[in-house]
Amino acid sequence: MSNIEKIDIGEFTHAPFGRYRKDGPKSGEEFREIWLEPAIKKARKKGVILEIIIDDVEGYGDSFIESVFGGAVRDEILPHDIEEIKRIIKITYPNKPYFEMYKNFIWRHILNAIKNFKSKEPKAI
């Protein structure tokens, strides 16, 4: 039994584009709803890490990355705790080392979504 489930954004598309479905085919919203959410649920149910392979594409627009990963936090597909998220997902790019910048963008959007969520939580009296 493997301790890792894998999804490859390149199997979804080689040219990810747009935040919303209305922006056109292969949007971040579509990837998040059709690919990422079921994969995260499956990995969590099995108690394994989800490896998300990001390097089999031409590149990413910031809106795609934000919609996928920031949206996953907002939609509560991912928890609102960075340490818990790090136990759930692993971002890899085995064939393109320069994709480190996209990995950094992903974590930045996750952290911003967590921060925005927490700033909207009701304050204890």
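The values are calculated or read from the model by the stated rules, or taken from the named source; none is laboratory data. This structure is a prediction, so every number in the text was calculated from the model and none was measured. Positions of Cβ are backbone-derived with ideal geometry, glycine not excepted, and every protein chain shown enters the neighbour counts.
Is it the case that I114 is modelled with pLDDT of 95 or more and touching a strand residue (DSSP E or B) at 6+ places or on another chain (Cβ under 6 Å)? No, not satisfied.
For the stretch 102-112, the criterion of being more than 23 Å from P25 (Cα to Cα), of a type in the set (A, V, I, L, M, F, W, C) and in contact with an Asp or Glu (Cβ under 9 Å, 6 or more places away or on another chain) is satisfied by no residue at all. Total residues in the stretch 80-100 satisfying the condition of being more than 13 Å from N112 (Cα to Cα) and over 12 Å from the mean Cα position of the chain (by Cα): the figure is 11.
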